[in-house]
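Peer 1: Please see the structure below; I have some questions.
The values are calculated or read from the model by the stated rules, or taken from the named source; none is laboratory data. If you're wondering where the values come from, they're calculated on a predicted model, not measured in any experiment. Glycine also receives a Cβ, built like all others from the backbone with ideal geometry; neighbour counts cover every protein chain displayed. Areas reflect the complete protein model, heavy atoms only, side chains present, ligands, DNA and RNA absent. Shrake-Rupley method; radii C 1.70, N 1.55, O 1.52, S 1.80 Å.
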Amino acid sequence: MIRSIIIDDEKKSRDILDKMISRYLSDKVLVVSKLGSINDAIETINNDCPELVFLDVHLNDKSGLELLYHYKDANLFDVIFVTGHTDYAIDAVRYNAIDYILKPINMVDLVSAVKRFEKRKFDNQLIPDSNDDKDKQNTIKRSTIAFPSKNGFKLEEISSIVYCEAKGNYTDIHLYGKGQIMVSKTLKKVVEMIDHFDFFRIH
């Protein structure tokens, strides 16, 4: 079971997410705590060692990003943002978040996000042990990319991208097993965004 905690300053939002996890992911995810503040979250993380944190961006007068900064060098857990704010997806990518789910929560998005976590956990287990922690962190760092969408941003695993195709000032991103998405960026800009050694421009 994936040990997880929910951090949201709204009790109703915590309860809704908890119920959705119990209904659709009870065989995979165990919610050990539901918290409303960063201070409580830090204490719980230190004591309960969750693998996965469902985190809101705004927590009363603080930001959920402060929690990630507090643990920026520890790599103790992975994060799925669950928020009503669309403006922090780029920050989520910088902190290597699993996903960025917008409220109201959609069951498909929630299940998909947990699958992303499982895939990352499996992929990380395949990375050879290294005495150079910095090299290891760099290997994991570029696992996701945020594409602009009508609801803000959509996080995709770089490994799911098959190829990108220019369409004037737009680009079609072809995804393995998931069809394609169109983003309002030129191919040149998308190449800069991906910036990964697995991809190269052929034309």
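Peer 1: Can you pull out the residues in region 165-203 that are open to solvent by 80 Å² or more (accessible area, probe 1.4 Å), at negative phi and of a type in the set (Asp, Glu)?
Peer 2: Those that are open to solvent by 80 Å² or more (accessible area, probe 1.4 Å), at negative phi and of a type in the set (Asp, Glu): Glu192, Asp198.
Peer 1: Only strands (runs of 3 or more DSSP E) wholly contained in region 84-170 count here; list those with 2 or more residues that are at pLDDT 80 or above.
Peer 2: Once the strands (runs of 3 or more DSSP E) in region 84-170 are filtered for at least 2 residues that are at pLDDT 80 or above, what remains is 99-102, 152-157, 161-167.
Peer 1: Kindly indicate the residue of region 19-51 that is farther than 14 Å from Ile105 by Cβ and among the hydroxyl-bearing types (Ser, Thr, Tyr) and also most open to solvent (accessible area, probe 1.4 Å) among those meeting that condition.
Peer 2: Ser26
Peer 1: Right, here's the next one. Here is a check on your reading of the model: is Lys12 open to solvent by 70 Å² or more (accessible area, probe 1.4 Å), out of contact with any helix residue (DSSP H, G or I) (no Cβ under 6 Å at 6 or more places or on another chain) and under 20 Å from Ser112 (Cα atoms)?
Peer 2: For Lys12, the condition - open to solvent by 70 Å² or more (accessible area, probe 1.4 Å), out of contact with any helix residue (DSSP H, G or I) (no Cβ under 6 Å at 6 or more places or on another chain) and under 20 Å from Ser112 (Cα atoms) - is not met.
Peer 1: Moving on. Is there a residue being under 19 Å from Glu157 (Cβ atoms), open to solvent by 30 Å² or more (accessible area, probe 1.4 Å) and touching a strand residue (DSSP E or B) at 6+ places or on another chain (Cβ under 9 Å) anywhere in region 52-74?
Peer 2: Within region 52-74 (the criterion being under 19 Å from Glu157 (Cβ atoms), open to solvent by 30 Å² or more (accessible area, probe 1.4 Å) and touching a strand residue (DSSP E or B) at 6+ places or on another chain (Cβ under 9 Å)), the answer is no, since none of the residues qualifies.
Peer 1: Go through region 150-164 and give me each residue that's open to solvent by 70 Å² or more (accessible area, probe 1.4 Å) and over 24 Å from Phe81 (Cβ atoms).
Peer 2: Within region 150-164, Val162, Tyr163 meet the criteria.
Peer 1: Let me ask something else. Please go through region 24-51 and give me each residue that is in contact with a helix residue (DSSP H, G or I) (Cβ under 8 Å, 6 or more places away or on another chain), in a helix (DSSP H, G or I), of a type outside the set (Val, Ile, Thr) and over 18 Å from Ile101 (Cα atoms), ordered by number.
Peer 2: Ala41
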